[in-house]
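The values are calculated or read from the model by the stated rules, or taken from the named source; none is laboratory data. All of these numbers come straight from a predicted model, not from anything done at the bench. Here the Cβ positions follow ideal geometry from the backbone for every residue, glycine too, while neighbour counts run over all protein chains shown. When the accessible area is computed, the model is the full protein with side chains, heavy atoms only, and any ligands, DNA or RNA have been set aside. Shrake-Rupley method; radii C 1.70, N 1.55, O 1.52, S 1.80 Å.
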Amino acid sequence: MKKDILKHKLVPDHTILSKTEIKKVLKELDIHQEQLPKIKADDPVVKAIEAQPGDILKITRKSHTAGKFVTYRLVLD
């Protein structure tokens, strides 16, 4: 039996950004895509959401202090 890791309580929400969203985020953060933290293409969550190298993921974590914490990762080969 295979379990869906995306439904595990310790796995935060991962979303693949569209080209428009990527431009907006990079402009807001005033950085280049290569300056983002990285995540490997063989990461189990990356595989589960079928992200490809070059995609940028929005990762939303629940936080006891901040309520919600959003971070971005660049998918690498």
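Working note: Karplus 6.51/-1.76/1.60 with θ = phi - 60° gives the stretch 32-44 the couplings 9, 3, 5, 7, 6, x, 9, 9, 6, 5, 8, 4, x Hz, where Gly and Pro are set to x. Potential lengthening of the chain between K27 and I49 amounts to 5.4 nm, from the contour at 0.36 nm per residue minus the alpha-carbon distance. Per-residue Karplus couplings for the stretch 23-30, computed as 6.51 cos²θ - 1.76 cosθ + 1.60 with θ equal to phi - 60°, are listed in order as 4, 5, 5, 5, 5, 4, 7, 6 Hz, Gly and Pro entered as x.
At 1.4 Å probe size, with the rest of the protein present, what percent of the exposed accessible area of the chain is carbon and sulfur atoms? Looking at the chain in its full context, I get 52 percent from C and S.
Here the chain is treated with +1 on each Lys and Arg Cβ and -1 on each Asp and Glu Cβ, and its dipole about the Cα centre works out to around 360 debye.
Longer than 22 Å from Cα to Cα, which of K27/K62; K27/K47; K23/K62; K23/K58; K27/K58; K7/K68 are they? Say none if no pair is.
As for pairs spanning more than 22 Å Cα to Cα, those are K27/K62; K27/K47; K23/K62.
Take 65-76, 4-15 and order them by the average number of nearby Cβ atoms within 10 Å per residue, most first; the result is 65-76, 4-15. Average accessible surface for the chain: 80 Å² per residue, computed with a 1.4 Å probe over protein heavy atoms with every protein chain in place.
Antiparallel as a % of all DSSP beta bridges within the chain, to the nearest 5? Once the DSSP bridges in the chain are tallied, antiparallel ones form about 80 percent.
Taking each residue as 0.36 nm, the span from T60 to I5 lengthens on full extension beyond its C-alpha to C-alpha distance by 18.3 nm.
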